[in-house]
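Trainee: Shown below is the structure under consideration.
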Amino acid sequence: MEFGIRQVAVGGLERAELMQRLAQAGVQLNGFAKQLLERQIFDGLVPAHKLTLTSRTVQQLGLDAGATLPEIFECAISSGLGLCPAITGPYLRLEFLDQAASRDSVLSAGKKPDDSLTIASAALGDQDFPRGFYLRVVEGAAWLRGYRCDDTHGFALADTFVFQDR
């Protein structure tokens, strides 16, 4: 199923309840996602609020030669899109369980996986800490995965990011 534009409720759960809901939904987590979910931002109860989210490929943002995260984020913001709150990933995963399965079942190949959606959000740590979340479905299992990259890592034209639609 294509992402399109979605209204997503973000917040409203304490970490333990959020983790329980992810587990009940059968969401798989990699080690980086678990590290991100341990951050202080998930400690407190953030009031639930609706976000309008939309996806864009690097090419749809007008970056025809690929781009780095800072370039992607700058271009998106200048075109009226916004970064997502850092807590968006797990909530979006719970509401987008019908994501299309990846064509490629390799879980970690040092590049952005085919058919994945990277949540455009500010980093929660330095470059040695996972940068953020991405979503994908592999062999029927919905994944919430964390990833690491620095500001020089190049993303391909087809790589897809989720932004806040203002």
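Trainee: Name the pairs: first residue in region 1-22 and polar (S, T, N, Q), second residue modelled with pLDDT under 95 and not in a helix (DSSP H, G or I), Cβ to Cβ under 8 Å, at least 6 apart or on different chains?
Mentor: The qualifying pairs do not exist here.
Trainee: Which condition number does Ser121 fail, the rest of (1) in contact with a Gly (Cβ under 7 Å, 6 or more places away or on another chain); (2) over 23 Å from Leu37 (Cβ atoms) being met?
Mentor: Checking Ser121 against (1) in contact with a Gly (Cβ under 7 Å, 6 or more places away or on another chain); (2) over 23 Å from Leu37 (Cβ atoms), the one that fails is (2).
Trainee: Taking only region 110-157 into account, find how many residues are at pLDDT below 85 and under 22 Å from Gln59 (Cα atoms).
Mentor: Within region 110-157, residues that are at pLDDT below 85 and under 22 Å from Gln59 (Cα atoms) number 6.
Trainee: Tell me which of these Pro130 doesn't satisfy, since it passes every other one: (1) over 17 Å from Phe3 (Cβ atoms); (2) in contact with an Asp or Glu (Cβ under 7 Å, 6 or more places away or on another chain); (3) not aliphatic (A, V, I, L, M).
Mentor: Answer for Pro130: the failing condition is (2).
Trainee: Which of (1) within 21 Å of Ala25 (Cα to Cα); (2) of a type in the set (D, E, K, R); (3) not in a loop (DSSP other than H, G, I, E, B) does Asp115 not meet, given it meets every other one?
Mentor: Going through the list (1) within 21 Å of Ala25 (Cα to Cα); (2) of a type in the set (D, E, K, R); (3) not in a loop (DSSP other than H, G, I, E, B), Asp115 breaks only (3).
Trainee: Six or more apart or on different chains, Cβ atoms under 7 Å: show the pairs whose first residue is in region 67-80 and farther than 13 Å from Gly154 by Cα and whose second is charged (D, E, K, R) and part of a strand (DSSP E or B).
Mentor: Ala76/Arg56
Trainee: Which condition breaks for Gly125 when tested against (1) within 24 Å of Arg21 (Cβ to Cβ); (2) in contact (Cβ under 8 Å) with a residue 60 or more places away in the chain; (3) not polar (S, T, N, Q)?
Mentor: Of the numbered conditions (1) within 24 Å of Arg21 (Cβ to Cβ); (2) in contact (Cβ under 8 Å) with a residue 60 or more places away in the chain; (3) not polar (S, T, N, Q), the odd one out for Gly125 is (1).
Trainee: Looking at region 129-158, which of the residues that are of a type in the set (D, E, K, R) and assigned to a loop (DSSP other than H, G, I, E, B) is surrounded by the fewest Cβ atoms within 10 Å (Cβ to Cβ)?
Mentor: Among those that are of a type in the set (D, E, K, R) and assigned to a loop (DSSP other than H, G, I, E, B), it is Glu139.
Trainee: Return the residues of region 125-166 that are aliphatic (A, V, I, L, M) and closer than 26 Å to Gln24 by Cα; say none if nothing qualifies.
Mentor: Leu135, Val137, Val138, Ala141, Ala142, Leu144, Val162, listed by residue number.
The values are calculated or read from the model by the stated rules, or taken from the named source; none is laboratory data. Keep in mind the model is a prediction, meaning the values are calculated, not measured. Here the Cβ is made from the backbone with ideal geometry for all residues, glycine too, and neighbour counts use every protein chain on show.
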